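Reviewing the structure listed below.
Every number here is computed from the coordinates shown, using simple stated rules; none is lab data. Computed from a prediction, not measured in an experiment: that's the story for all the values here. Counting neighbours? That spans all protein chains shown, and the Cβs are built from the backbone with ideal geometry, glycine included.
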Amino acid sequence: MRVLVIFLAVLIGVIICQNQKPEIKIDLSNLAIDVAKHVFRLHKWSDHKEIDFIGHKCVGQVKGRIRKLKWVWDGKFKCPSLTGIEGSGRGFKSRNGAIEHAIIDFVKKAAEQQILNESQLNQLKAS
């Protein structure tokens, strides 16, 4: 008798659960489109951010991308009024890290080509 009561209770519970399916409606196509738009905006090079660099107006940019299933940032830095050289930093955890390494790359390239003189390099070291 005890087994029969338990069996009936379980059977009634199963019937009730089958009749009360929760209705969750998610528009997956719109959700996918919104996610794609957001990722695309982050993946494009950002607007030019003006940076004052030893008396010159320079431009820094960042963009995000996925690398090995992790979000990373790439940076670019250039000073059109000084030279055509462009520094870059790729695969950093933060926007600031990407632009910082792009500036370091720019300085190294400009120093190798003797575009930056010794006093300008000393000015950079002091700051």
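How large is the direction-averaged shadow of the alpha-carbon convex hull of the range 50-126, in nm²?
Average of the hull's projected areas for the range 50-126 equals 5.2 nm².
What does the charge add up to near residue 90, with Lys and Arg as +1, Asp and Glu as -1, over the other residues with Cβ less than 14 Å from its Cβ?
My count for the surroundings of residue 90 gives +4.
The residues packed around residue 77, meaning those with a beta-carbon under 14 Å from its beta-carbon, carry a net charge of +3 if Lys and Arg are +1 and Asp and Glu are -1.
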